[in-house]
1. Limited to region A:31-54, what total is found for residues that are outside any helix (DSSP H, G or I) and either in contact (Cβ under 8 Å) with a residue 40 or more places away in the chain or surrounded by 12 or more Cβ atoms within 10 Å (Cβ to Cβ) (or both)?
2. Out of B:Ala39, B:Ala104, which single residue is in a helix (DSSP H, G or I), over 30 Å from A:Phe104 (Cβ atoms) and of a type in the set (A, V, I, L, M, F, W, C)?
3. Being within 13 Å of another protein chain (Cβ to nearest Cβ) and not in a helix (DSSP H, G or I) is the filter here; which residues of region A:57-101 pass it?
4. Which one of the conditions (1) in contact with a Pro (Cβ under 6 Å, 6 or more places away or on another chain); (2) at positive phi does A:Pro26 fail to meet, given that it meets all the rest?
5. Looking only at region A:55-90, filter to residues that are charged (D, E, K, R) and under 30 Å from A:Ser121 (Cβ atoms); which one of those is surrounded by the most Cβ atoms within 10 Å (Cβ to Cβ)?
6. Filter region A:108-121 for residues that are more than 10 Å from chain B (Cβ to nearest Cβ) and either part of a loop (DSSP other than H, G, I, E, B) or surrounded by 15 or more Cβ atoms within 10 Å (Cβ to Cβ) (or both) and give the result.
Amino acid sequence: MASPSATTIASPSSSGSGITERRGIPGAQFVEDVQTYLNQIGLDVTSALAVLQERLQQYKLVEMKLLAQQRDLQAKIPDIEKCLDVVATLQAKKGTGEALVADFEVAEGIYSRASIEDSDSVCLWLGANVMLEYSCEEATALLQKNLDNAKASLEVLVADLQFLRDQVTITQVTIARVFNWDVHQRRMRLSPAVKDS
Amino acid sequence: MQQGGGSETEVTWEDQQNINKFGRLNNRFHELEVEIKVAKESNENLEDASNELILTDEDVVRFQIGEVFAHVSKDEVEARIEQMKEVTTKNLEKLEEEKDSVVAQMAELKKILYGKFNDSINLEED
């Protein structure tokens, strides 16, 4: 992710917003007082809003990236579960003397019939054009490990997304407050003149 | 989350945290709605499957496991579908429960935030 420009990071002294960074995502600064904040970063309202908007866009970009990763993982998990299901079925048939008869797809829309007799092993596609033969037990263990890993990654990812969304919310609230503060200031400046009208 | 009309209500870190929490809950609420819809669909599909199974005369039916259609006896398929139904029903219940809790927490936060900011804050959708 692009590192934030120096102007977007004010000194973190102004608030107790807790975490300032999580896995490369910079934390948003909570603004206690708009006037103090503007003085601190040394920008006028327009530039400050521009900086905040830019920050928001950066967050949105990261959010899209994380959401894509989340979708991938969410698709991967049921896939692994399916594989586990098949291996379990093969294992259940083992030793019963019965063959597992299955119709399988040879090409799209074309099926053939297979009879799987007393198989001890399955081949797992490991990716990168590599397939390896495993005993059913080993295959189950490996798949289970992959499943646990995928679930753990998903959990971390969901936490990342939550953190990110908090930063988005903080930034949005800050933008609204800076904007309102500006409107308020203008009104104060104008109000003595328009009071009588 | 827009504040209107240049009102000058002080926003504290605590308020910000409440707003964050509300945002998170709102997000989760939408996720849950999708998840519940999916869970309901798979429940209905299983229901349909077991109904079809009752009607069929075949002793051996093709049951999809992974990518292949295994030839499995009707009784076994029945048992497996029952088991799957149990899992999805439990899952659905869990999701519904979570949704209720999310809705309750959101209502609570709305009370607090509207109490402080009145109409300077908008927590409704659209």
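1. Total satisfying the criteria: 4.
2. B:Ala104
3. Selection gives A:Thr96, A:Glu98, A:Ala99, A:Leu100, A:Val101.
4. All conditions pass for A:Pro26, except number (2).
5. A:Lys76
6. Correct list: A:Glu108, A:Gly109, A:Glu117, A:Asp118, A:Ser119, A:Asp120.
One line per residue, one yes/no per condition, for (1) surrounded by fewer than 16 Cβ atoms within 10 Å (Cβ to Cβ); (2) farther than 21 Å from B:Glu124 by Cα; (3) within 12 Å of another protein chain (Cβ to nearest Cβ); (4) not aliphatic (A, V, I, L, M):
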site: B:Asn18; (1), (2), (3), (4): no, no, yes, yes
site: B:Lys37; (1), (2), (3), (4): yes, yes, no, yes
site: B:Asp75; (1), (2), (3), (4): yes, yes, no, yes
site: B:Lys94; (1), (2), (3), (4): yes, yes, no, yes
site: B:Ala104; (1), (2), (3), (4): yes, no, no, no
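Per-residue answers, yes or no, for (1) more than 19 Å from B:Asn20 (Cα to Cα); (2) free of Cβ contacts under 8 Å to residues at least 12 places away in the same chain; (3) surrounded by 19 or more Cβ atoms within 10 Å (Cβ to Cβ); (4) more than 8 Å from chain B (Cβ to nearest Cβ):
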{"residue": "A:Lys145", "(1), (2), (3), (4)": "yes, yes, no, yes"}
{"residue": "A:Val158", "(1), (2), (3), (4)": "no, no, no, yes"}
{"residue": "A:Arg165", "(1), (2), (3), (4)": "no, no, no, no"}
{"residue": "A:Thr169", "(1), (2), (3), (4)": "no, yes, yes, no"}
{"residue": "A:Val173", "(1), (2), (3), (4)": "no, yes, yes, no"}
{"residue": "A:Ala176", "(1), (2), (3), (4)": "no, yes, no, no"}
{"residue": "A:Asp182", "(1), (2), (3), (4)": "yes, no, no, yes"}
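The values are calculated or read from the model by the stated rules, or taken from the named source; none is laboratory data. Computed from a predicted model, the values in this text were never measured in an experiment. FYI the Cβ positions are ideal-geometry reconstructions off the backbone, even for glycines, and counts take in every protein chain you see.
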